[in-house]
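K.L.:
To start, I am sharing the structure in question, which I have written as structure tokens.
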Amino acid sequence: MLTPKQIVDQLDKYIVGQDKAKRAVAIALRNRYRRSQLTAEMREEITPKNIIMMGPTGVGKTEIARRLAKLVDAPLVKVEATKFTEVGYVGRDVDSMIRDLVEASIRLCKNKKIEDVRLVAEAAAEQRLVDLLVPLRRNEVEQNPFQMLLGAAPQYDEPQMSEEERKTHFSRRESVQAQLRAGRLENEIVEVDVEERAPGSDAMLAMGIDININDMLGSIIPKKTKRRKVTVEQARKILIQEEADRLIDMDEVIREAVEKAEQDGIIFIDEIDKIASNRNMGGGGPDVSREGVQRDILPIVEGSTVSTKYGPIKTDYILFIAAGAFHVAKVEDLIPELQGRFPIRVELDALDEEDYKCILTQPENAITKQYAALLGADHVLLQFDESALDEIAHYAFIANETMENIGARRLHTIMENLLEDISFNAGGDYPDIELKIDGNYVRDRLENTFEGRDLHKYIL
């Protein structure tokens, strides 16, 4: 488990500034580990200290959640508070965030188990690939009408071979296996039987019904399969997955996943300010529904038991991180009981010109690096000098001040405008072209677009 300093260092690679928010999240994550080292009696008494992040849009709140998902070895889901509706209305119920968390936990635990058995699964898949490429001439066993109706996989009997035929067959198998390992048969076409999965109903999921009828009747009705023609490369992935599924114990995976979701789960609730009701406006209208959603969320954050298809899930020890811009509403507009369940409040700072410049170059996924990589595919070697970065940051700041403040997202708009002609003309069988963007080019492209725009709003 990473220390708080190490967590902040990892977040610094992708998020500029916002040290308070990073520190709060890092401490909360480390406290999960500290709690796991205590006695069972003490663990029962310690509950997570939930966090609420306040700040303008585009300053890094959602990015912190995205990076946490890749950073921590714990199930994490991000949900939008605006997707939920009060009980009695059509839409997602708040319990679905817990069901999503359990599903994320199962994927996490299952992937770990699959990695443990991957070598065995790959060996078994290789043997099945050899069987597909060097098939035995087998006779199909006649199926009964019930099996045919349900689409069960066909069954075959073992053929009788002479000693000479057996030697020839095994010699071919060894040759094909050697070619497979050398990667010379990746584009060969083979037929594989793939299990058909019935798609879930969006209407049922919206109402919180996530019961899969196939799962309920799986032990009674044979699984329906269909035959697909795929390349050896695709078939290998399919067969490795099938063999790994056979090797792992899903009951054990579910037990571990449920415990991990209960003890280590993290839920990031975005746009929580959109369900805050303005008490000065009086009751009625949409505020009634918003307050209803808050009251539905409250027992989950406080600690309750939610029913899922994998069994009941206790929410007492799940860490909740909420975020919102709070332009119109304030944290105080949330119902007092919900406010009390988020004891740690962190305010994120608005971005200035220096922040925009850092965002352009410092993060590992910096915007300038992304555009350079994209245009590099068309042999355009793009570079930005210091004056260009200064001008882009300046125009981003001016645009956010004179128009709607959308934070770092404004940089994407500016970069698209700046590189529109270059992106349009790039392509074709051209040699590598070195292209250096300087401040003059940025001013020529953006001056008319972003300076002086919407200034009529300020003229009396």
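The values are calculated or read from the model by the stated rules, or taken from the named source; none is laboratory data. These figures come from a predicted structure and were not determined experimentally. For neighbour counting, all protein chains shown are included, and Cβ atoms are generated from backbone atoms with ideal geometry for every residue, glycine included. Quick note on the areas: whole protein, heavy atoms, side chains included, nothing else; ligands and nucleic acids left out. Shrake-Rupley method; radii C 1.70, N 1.55, O 1.52, S 1.80 Å.
K.L.:
Heavy atoms only, probe 1.4 angstrom, no DNA, RNA or ligands counted: give me Met97, Met250, Met403 ranked by accessible area, highest first.
P.N.:
Output order, biggest surface exposure first: Met250, Met403, Met97.
K.L.:
Of the accessible area of segment 14-113, with the probe set at 1.4 angstrom, what percent is carbon plus sulfur? Walk me through the numbers before you get to the answer.
P.N.:
Working: 2470 of 4780 Å².
Summing carbon and sulfur atoms, their accessible area is 52 percent of the total for segment 14-113.
K.L.:
At a threshold of 8 angstrom on Cα-Cα distance, excluding pairs fewer than six apart, so keeping six or more, what relative contact order does segment 286-433 reach in percent?
P.N.:
Relative contact order here is 18 percent.
K.L.:
Could you order Lys226, Lys5 by accessible surface area, starting with the largest, using a probe radius of 1.4 Å?
P.N.:
Putting Lys226, Lys5 in descending order of accessible area: Lys5, Lys226.
K.L.:
Per residue of segment 259-265, in order, report the coupling 6.51 cos²θ - 1.76 cosθ + 1.60 (Karplus, θ = phi - 60°) as ³J(HN,Hα) in whole Hz, putting x for Gly and Pro.
P.N.:
After applying 6.51 cos²θ - 1.76 cosθ + 1.60, I find 5, 5, 5, 5, 8, 10, x Hz.
K.L.:
Could you pull the accessible area for Glu174 with a 1.4 Å probe, rounded to 10 Å²?
P.N.:
130 Å²
K.L.:
Determine, from the Cβ-Cβ distance of Glu233 and Asp438 and an R0 of 51 Å, the FRET efficiency 1/(1 + (r/R0)^6), rounded to the nearest 0.05.
P.N.:
Step by step, r from the Cβ atoms, then E = 0.65.
K.L.:
A further question on this structure: 5 Å is the cut-off here: which amide hydrogens, built 1.01 Å from N in the peptide plane, fall below it relative to Ala322, excluding neighbours closer than 5 in sequence?
P.N.:
The answer is Ile51, Ile52, Met53, Ile269.
K.L.:
Another question about this same structure. Heavy atoms only, probe 1.4 angstrom, no DNA, RNA or ligands counted: give me Tyr430, Tyr14, Tyr317 ranked by accessible area, highest first.
P.N.:
Putting Tyr430, Tyr14, Tyr317 in descending order of accessible area: Tyr430, Tyr14, Tyr317.
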